[in-house]
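What follows draws every value from the coordinates through simple rules; no lab data is involved. Computed from a prediction, not measured in an experiment: that's the story for all the values here. Cβ sites come from the backbone with ideal geometry, for glycine too, and all protein chains shown count toward neighbours.
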Amino acid sequence: MSDRLKKKSTEATSSIMVFPSDTNDYGTMYGGRLIEMMDMVGGICARRFASHKAVTASIEDMQFNKAINRGDIIEFNSRVIYTGKTSMVIKTKVTREGYDESKEVCARAYFVFVAMDSVGKPTEVPILEIMTEKEEKLNKIGAEIRKRQAFEEKRFEIELKENL
């Protein structure tokens with residue numbers, strides 16, 4: 001039996017209004033700016049869950065669904081959906097808010113974060129407690145994401161070694 005702490009999922013949310021400096025020539029939000037903000041909110045979620053600093057290891061399955069326009073209010077919601085020994089898969093979803101406060105999903109991605117100790121070495125994270133059927137489904141998705149990320153990590157090592 002593991003002596004690692006068990007913990008319920010942690011969430012982080014943030015809302016912003018999209019300003020002209022966030023947009024391209026079409027008046028829609030730069031994808032890179034959106035990813036930056038998703039990574040930041042995901043990092044806050046990872047830090048809260050791990051009770052340690054956390055760094056981004058990868059961004060998996062980034063999907064842009066709807067354009068985000070100048071003047072839109074968008075909300076970022078990040079949630080821990082899977083944990084390994086030192087890593088966490090964080091699902092981050094972005095919604096656009098209408099004038100009636102209705103929400104429409106615009107983007108989502110899975111971020112893999114690694115918890116770091118005070119000297120910059122990976123450190124154990126709590127085991128994610130699964131409480132609901134929805135969390136069970138998300139945990140299975142997270143396990144697949146982590147498995148795929150580990151495969152891509154190995155491929156990247158080969159590419160670096162062989163200078164591809």
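Annotations for the structure displayed:
- Cα centroid separation, the stretch 107-121 to the stretch 9-75: 15 Å.
- Calculated P(r) tail over 18 Å for the stretch 5-46, as whole % of Cα pairs: 41
- Just so you know, the Cα atoms of the stretch 106-149 work out to an Rg and Dmax of 13.1, 38 Å.
- Highest to lowest packing among 70-76, 57-63, scored as the average C-beta count within 10 Å: 70-76, 57-63
- Inter-label distance, nm, simple model (7 Å from Cα along the C-beta direction), residue 156/residue 6: 3.3
- Phi angles of the stretch 80-85 translate, via the Karplus equation with coefficients 6.51, -1.76, 1.60 and θ = phi - 60°, into HN-Hα couplings of 6, 10, 7, 10, x, 6 Hz per residue; Gly and Pro are given as x.
- Where labels lie 7 Å past Cα in the beta-carbon direction, separation of residue 121 and residue 19 in nm: 4.3
- Under 12 Å, Cβ to Cβ, from residue 126 - net charge with Lys/Arg +1 and Asp/Glu -1: +3
- Percent antiparallel among DSSP beta bridges (both partners in the chain, rounded to 5): 95
- Per residue, the convex hull spanned by the alpha carbons of the chain comes to 150 Å³.
- Net charge over other residues, Cβ less than 12 angstrom from the Cβ of residue 155 (K, R count +1; D, E count -1): -2
- For the residue pairs 6/53; 93/161; 7/121, the alpha carbons lie more than 28 Å apart in 93/161.
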